[in-house]
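The values are calculated or read from the model by the stated rules, or taken from the named source; none is laboratory data. The model shown is predicted, which means the values in this text are computed figures rather than measured ones. Glycine also receives a Cβ, built like all others from the backbone with ideal geometry; neighbour counts cover every protein chain displayed. Heavy atoms of the whole protein, side chains included, go into the accessibility calculation; ligands, DNA and RNA do not. Shrake-Rupley method; radii C 1.70, N 1.55, O 1.52, S 1.80 Å.
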Amino acid sequence: LTDPNAFNVDYEGSNLDHYTLSLIKSLVHQSRHPLSRALYAHLKGVDEMEVFDFVEHHGLGVSGRVMNHQIKMGSSSFVEFEYNALQESARVFVSMDGVYLGCFIVKNFYRPHWQHLLETVQKSAGIHVLSGDNEAERVVLGQVIKDANRLHFNQSPKDKQTYVEFLTNQGGRVMMVGDGLNDSGALKMSSVGVAVADDVYQFSPSSDAIISADKLGLLPQFLSFSKSTMVIVYMAIGISFLYNTVGLFYAVTGQLSPLFAAVLMPLSSISVVVFTSLAVMFMAKKHKLDQ
């Protein structure tokens, strides 16, 4: 729901020189996490350097070696700094060569029409929020999702996967929508995994479907469209069954010549394909997905 291109970033700690900022920018450029992308966009005009031994620690942060400096960025526990505030904006803590430098304070902004999106989806399905961020967004999301038991923060990748598994074991059909590596386990565990990508040509976690971030607001239409296409599938099966039943009757009774039957068989397949294609195109226009 948050827009990685609309973060407000501030810094808390001792002043960082251009060289240190270059080390930080070089490291976060290797990560596809929304906070990493926000920091990278924030550090405009800062040079980049080659990164070695880059590792993305799921649910914790990133680390790597830049210009022989070991840089770690992520949660306070990951950089070994004690910090317990839970109700503030997201923070990305930074350490270099084992020395704590400070933290970036990231306030996110939600994508346009996000409230309408949640309200529409809630009419036909239950919504659960699994976030790796702290409790700062509970008040905002709680205005739309009234059941507080469905809002979960400070979730590790394993926590998300376990929660999706729990819902599945309860007999639910779960569609997981996520935008980062931290969601990969939950995406795989769900009945349908949908990865949200700001750039569909770059790496996205393995999933059943990929939706461009700027089309996320069309998710309710996609859900409705998927139900309509299932009707089309059943109709196509029915037409095929009827076609073959009639053809089999005439063939068994000797009313079809082998030559005519040989021509008729591929025509049946073509007719089903044409019907399915036209029906899907019609449904796409009906749900306004052809834009």
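Using only alpha carbons, build the gyration tensor for segment 138-291 and give me the equivalent ellipsoid semi-axes, biggest first, whole Å.
Taking √(5λ) for each Cα gyration eigenvalue gives 45, 18, 15 Å.
On the principal axes of its Cα set, how long, how wide and how thick is segment 186-272? Give whole Å, largest value first.
Largest to smallest, the principal-axis extents are 60, 25, 24 Å.
Dividing the convex hull volume of the alpha carbon atoms of segment 92-206 by its residue count, what do you get in Å³ per residue?
It is 142 Å³ per residue.
Would you mind getting me the FRET efficiency between PHE241 and ASP214? Use the beta-carbon distance for r and R0 = 30 Å, nearest 0.05.
0.15
Please compute the Kirkwood hydrodynamic radius of segment 7-71 from all pairs of different C-alpha atoms, in Å with one decimal. Intermediate values should be presented prior to the final figure.
On the way: mean 1/r = 0.0822 Å⁻¹.
Final number for the Kirkwood radius of segment 7-71 is 12.2 Å.
Grab the DSSP H runs of the chain that are 4 residues or longer, score each as -39,500 (n - 2.57), total them, divide by all residues and round the 222 nm result to the nearest 500 deg cm²/dmol.
Details: 8 runs with 116 residues, N = 291.
After summing the helix terms and dividing by residue count, I get -13000 deg cm²/dmol.
Taking DSSP loops as anything outside H, G, I, E and B, show the longest stretch in the chain free of chymotrypsin sites (Phe, Trp or Tyr not before Pro) there with at most 10 other beta carbons within 10 Å.
The segment 1-200 is the longest one with no such site.
Mind checking the full-extension length gain between ASP47 and LYS146? Use 0.36 nm per residue of separation minus the Cα-Cα distance, one decimal, nm.
31.1 nm
So what's the gap between the Cα centers of segment 206-234 and segment 54-75, to the nearest angstrom?
A separation of 36 Å, based on Cα centres.
Using the Cα atoms as the points, what is the convex hull volume per residue of the chain in Å³?
With only Cα atoms used, the chain gives 181 Å³ per residue.
Which angle from 0 to 90°, rounded to the nearest 10, does the C-alpha axis of helix 219-252 make with the longest principal axis of the chain?
Tilt of helix 219-252: around 30 degrees.
Taking the Cα centre of segment 49-109 as the origin and placing charges on Cβ (Lys, Arg +1; Asp, Glu -1), which of VAL92, PHE109, MET67 is farthest toward the positive end of the dipole?
Farthest towards the positive pole: PHE109.
Considering only protein heavy atoms, what per residue accessible area in square angstrom results for the chain with a 1.4 angstrom probe?
That works out to 58 Å² for each residue.
Over the alpha-carbon set of segment 53-150, work out the extent along each principal axis and list the three values in angstrom, largest first.
Over segment 53-150, Cα extents along the principal axes are 54, 26, 23 Å.
Mind checking the log10 I(q)/I(0) for segment 33-75 at q = 0.22, 0.31 Å⁻¹? Debye, one equal scatterer per Cα, no solvent, two decimals.
Debye curve over Cα of segment 33-75, log10 I(q)/I(0) at q = 0.22, 0.31 Å⁻¹: -0.84, -1.18.
What angle, in degrees between 0 and 90 and rounded to the nearest 10, separates the Cα long axis of helix 157-169 from the longest principal axis of the Cα atoms of the chain?
Relative to the chain, helix 157-169 is tipped by roughly 30 degrees.
Can you count the Lys pairs in the chain with C-alpha separation below 20 Å, eight or more apart or on different chains?
18
Using only the heavy atoms of the protein chains and a 1.4 Å probe, how would MET73, MET283, MET189, MET265 rank by accessible area, largest first?
Order by accessible area, largest first: MET265, MET189, MET283, MET73.
Could you tell me what percent of the accessible area of segment 3-150 is made up of carbon and sulfur, with a 1.4 Å probe and every protein chain present?
49 percent
Within segment 241-291, list the trypsin sites (Lys or Arg not before Pro) lying in a DSSP loop whose Cβ has at most 10 other Cβ atoms in a 10 Å radius. Mind dumping the intermediate values first?
Numbers: sites: LYS285, LYS286, LYS288; in loops: LYS288.
Taking segment 241-291 and a limit of 10 other Cβ atoms within 10 Å, the loop trypsin sites (Lys or Arg not before Pro) found are LYS288.
If each of VAL233 and ASN169 carries a label point 7 Å out from its Cα toward its Cβ, how far apart are those two points in nm?
2.8 nm
How large is the Rg to Rh ratio of segment 133-187 when both quantities use alpha carbon positions and Rh follows Kirkwood?
0.97
Dipole size in debye (nearest 20) for the chain around its Cα centre, Lys and Arg Cβ +1, Asp and Glu Cβ -1?
1320 debye
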